[in-house]
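Notes to accompany the following structure.
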Amino acid sequence: MTAAPKPEETAAAKGEPEETAAAKGEPDGTAAAKGEPDGTGSAKGRLNEDAAVKKQAEVVLRLTDVVKTFPGVKALDGVQLEVRAGEVHCLLGQNGAGKSTLIKVLSGVHRPDSGTVEWLGDPVAFADPQAAMNAGIATIYQELDLVEDLTVAENVFLGHEPRRAGFVRRKQAVARTSEILGRLGHGEIPPRRPVHKLQAAAKQIVSMARALSHDARLLIMDEPSAVLAHDEVENLFRIIRELTAQGIAVVYISHRLEEIRVIGDRVTVLKDGRTTAADLPAAATPTGELVSRMTGRTIEYVFPPRPEPADREELLRVTGLSRSGEFTDVSLTVAAGEIVGIAGLVGSGRSELLETVYGARRPDSGTVEFDGRGLRPGDVGSAVRAGMGMAPEERKSQALLLGEPVHRNMTLATFTRIARFGFTSARRERAEAERIAESLELRPRDVSRPVRTLSGGNQQKVVVGRWLLGGTRLLLLDEPTRGVDVGARAELYRVIRDLAAEGVGVLLVSSEVPEVLGLADRVLVMREGRVVHTAPAKQIDEDAVLDLVMAGSLLEGAAL
Ligand SMILES: Nc1ncnc2c1ncn2[C@@H]1O[C@H](COP(=O)(O)OP(=O)(O)OP(=O)(O)O)[C@@H](O)[C@H]1O
Ligand SMILES: [Mg+2]
């Protein structure tokens with residue numbers, strides 16, 4: 001087929017006849033491309049070279065017109081995807097676009113309603129995840145699905161334990177687990193430790209070890225970097241490069257475009273369950289084009305303007321707070337209307353600090369004062385009554401009632417306060433929840449859906465959204481934009497800044513340094529449980545923060 005190239009279509013569509021159908025079927029995709037005149041020229045040049053190289057690699061996976069419906073939602077509405085051996089194929093799309101559903105179709109969790117999945121040239125329909133794994137497709141899910149009570153090794157070999165004469169060979173499983181963990185650069189994780197005793201980042205590694213314990217030819221990663229610190233992401237990329245060098249294909253999902261530039265080869269974009277662009281070069285496609293293909297509009301990825309510092313009344317005062325092995329002698333203040341950001345590596349004690357301020361953990365020493373009055377240590381109730389709200393890091397285990405509707409999840413946390421403010425009626429609660437759903441671009445907008453059925457990023461919006469209901473005077477936010485797409489992220493920043501303008505104090509933890517620098521008025525840098533630096537956000541830049549954050553680990557390395 002020689003498609004007459006339309007001027008708006010990308011070089012990708014031109015060079016790849018099999019993609020044109022997808023590209024043509026999506027008028028808003030082409031409109032998006034129009035808005036991006038600059039950069040397209042060079043993108044085309046490089047793309048043609050890339051495409052030539054890619055042509056040599058075999059297509060291992062091809063999806064055609066895949067449809068998957070859930071009650072009331074068409075999660076996939078005709079998806080096309082083609083993945084070649086040895087490439088890192090990135091899937092981009094807004095929260096709820098269908099990325100996780102797509103990979104669950106691939107990995108045998110969901111059965112498609114219609115359409116075809118071809119694996120290594122043959123049509124397949126995997127009955128369950130085990131069948132997909134046996135066929136060589138290994139998946140690391142967005143919500144990690146490890147069995148918390150089993151050990152690391154038991155998780156890695158769950159369902160395919162090494163056996164002889166019918167007996168499971170535990171020692172062999174442990175030895176092979178050690179070997180794989182070593183290959184992943186994490187030989188320090190003990191294979192016999194129960195998984196629930198591990199940090200989130202370590203769990204991620206275990207999940208990868210499990211994927212690698214199979215002889216996979218395709219490795220699917222759904223937002224693997226969301227729980228990883230800066231240096232961990234580099235380690236992840238090193239592993240991915242080793243795998244692709246062996247010809248293993250990788251499907252990589254992330255909301256961080258910078259990552260896609262570094263690790264990706266080609267990009268497929270989903271919007272509302274449909275492929276809106278395929279075969280875009282990961283490094284060369286302008287950000288504006290990627291974003292507009294995802295969202296159908298252009299979004300300026302900027303932070304809301306910061307007001308001039310005013311004389312503000314102090315809201316929170318933390319003095320000499322310590323918890324053994326977590327953080328030491330931390331003192332800080334947050335004023336009404338001020339956003340204070342804490343930067344640092346995962347594991348530097350930031351989350352534990354926030355939880356202790358909130359009363360979910362009891363400090364060994366030190367005090368937390370709110371409005372000049374001491375809060376009872378280890379008592380969440382008194383913190384909430386005083387007006388504190390917290391959006392924790394692990395949304396599933398710590399924050400959400402998954403079977404309950406969105407509006408219940410949003411109103412539950414602030415229920416006592418809502419009652420105090422006089423609006424207890426269910427209708428009022430729902431209306432408030434709807435207002436927040438609107439301002440955070442919740443998808444689907446329907447607040448009566450159980451939270452379980454929302455996509456990962458939309459669940460995160462619910463966790464944050466519940467504290468926007470009113471009555472919150474100090475908001476503790478731990479990784480508030482984890483898994484949230486670029487469009488909704490900008491909304492969330494605006495909402496947080498608006499709250500501050502109304503006088504709410506915010507204490508924010510984020511692993512993304514630009515987020516801390518862009519959103520906060522004042523920045524604290526934590527390293528190994530101590531605050532090592534405090535500065536107005538305007539007076540510090542990303543390099544300085546990273547230097548401060550890394551110095552500790554470098555010194556440690558030198559001491560070894
Ligand atoms: N088990 C389910 N039951 C009902 N609806 C579902 C279910 N799983 C997903 N959905 C819906 O399907 C749509 C696609 O969700 P999916 O999780 O695939 O999005 P996503 O692209 O992975 O988003 P995110 O970036 O937030 O992870 C959403 O509207 C979601 O609410
Ligand atoms: Mg998802």
Q.
Can you pull out every residue in the stretch 312-333 that is surrounded by 17 or more Cβ atoms within 10 Å (Cβ to Cβ) and part of a loop (DSSP other than H, G, I, E, B)?
A. 326
Q: Kindly indicate the residue of the stretch 439-467 that is among the polar types (S, T, N, Q) and either in the same structural domain as residue 490 (by TED's automatic domain parsing) or more than 14 Å from the chain's Cα centre (by Cα) (or both) and also nearest to ligand 1 (Cβ to nearest atom) among those meeting that condition.
A: 453
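Out of the stretch 235-266, which residues are among the basic types (Lys, Arg) and away from ligand 2 (no atom under 16 Å from the Cβ)? Give the derivation first.
First, the residues of the stretch 235-266 that are among the basic types (Lys, Arg): 238, 241, 256, 261, 266.
Result: 238, 241, 261, 266.
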(Q) Being surrounded by fewer than 16 Cβ atoms within 10 Å (Cβ to Cβ) and either closer than 26 Å to residue 513 by Cβ or free of Cβ contacts under 8 Å to residues at least 40 places away in the same chain (or both): is that true of residue 378 here? (A) yes
Q) Are there any pairs with C-beta distances below 9 angstrom linking a residue in the stretch 447-465 that is within 22 Å of residue 426 (Cβ to Cβ) and basic (Lys, Arg) to a residue that is in a helix (DSSP H, G or I) and within 14 Å of ligand 2 (Cβ to nearest atom), with the two at least 6 apart or on different chains, and if so which? A) 452/459; 461/488
Q) Among the residues of the stretch 212-220, is there at least one that is surrounded by fewer than 21 Cβ atoms within 10 Å (Cβ to Cβ) and free of Cβ contacts under 8 Å to residues at least 60 places away in the same chain? A) no
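For the stretch 62-106, enumerate the residues that are part of a strand (DSSP E or B) and within 7 Å of ligand 1 (Cβ to nearest atom). If you could, list the steps in order and put the result at the bottom.
Narrowing the stretch 62-106 to residues part of a strand (DSSP E or B): 62-70, 73-84, 88-92.
Across the stretch 62-106, the qualifying residues are 70, 73, 75.
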Q. Got a number for residues in the stretch 106-145 being among the aromatic types (Phe, Trp, Tyr) and under 21 Å from residue 96 (Cα atoms)?
A. 1
Q.
With the structure loaded, tell me whether residue 106 is out of contact with any strand residue (DSSP E or B) (no Cβ under 9 Å at 6 or more places or on another chain), within 16 Å of ligand 2 (Cβ to nearest atom) and either under 30 Å from residue 295 (Cα atoms) or charged (D, E, K, R) (or both) or whether it fails that test.
A. no
**Q.** Scan of the stretch 71-81 for residues that are at pLDDT 95 or above and under 23 Å from the mean Cα position of the chain (by Cα), ordered by number
**A.** 75, 76, 79, 81
Q.
If residue 351 meets every condition in (1) closer than 11 Å to residue 474 by Cβ; (2) outside any strand (DSSP E or B) apart from one, which number is that one?
A. (1)
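Would you mention how many residues in the stretch 114-127 are surrounded by 13 or more Cβ atoms within 10 Å (Cβ to Cβ) and either free of Cβ contacts under 8 Å to residues at least 24 places away in the same chain or in a loop (DSSP other than H, G, I, E, B) (or both)?
Taking the stretch 114-127 as the starting set, the residues that turn out to be surrounded by 13 or more Cβ atoms within 10 Å (Cβ to Cβ) are 115-120, 124, 126.
Restricting the remaining residues to those that are either free of Cβ contacts under 8 Å to residues at least 24 places away in the same chain or in a loop (DSSP other than H, G, I, E, B) (or both) gives 120, 124, 126.
Of the residues in the stretch 114-127, 3 are surrounded by 13 or more Cβ atoms within 10 Å (Cβ to Cβ) and either free of Cβ contacts under 8 Å to residues at least 24 places away in the same chain or in a loop (DSSP other than H, G, I, E, B) (or both).
Please determine, by comparing only the residues of the stretch 441-484 that are in contact with a strand residue (DSSP E or B) (Cβ under 7 Å, 6 or more places away or on another chain) and among the basic types (Lys, Arg), which one is nearest to ligand 2 (Cβ to nearest atom). If you could, list the steps in order and put the result at the bottom.
Our first condition is that a residue be in contact with a strand residue (DSSP E or B) (Cβ under 7 Å, 6 or more places away or on another chain); within the stretch 441-484, this holds for 444, 447-450, 453, 463-464, 467, 472-480.
Going one step further and asking which of them are among the basic types (Lys, Arg), we end up with 449, 473.
Details: 449: 16, 473: 33 Å.
Ranking the candidates gives 449 first.
The values are calculated or read from the model by the stated rules, or taken from the named source; none is laboratory data. The structure displayed is predicted, hence computed values, not measured ones. Backbone-built Cβ (ideal geometry, glycine too); neighbour counts: all protein chains shown.
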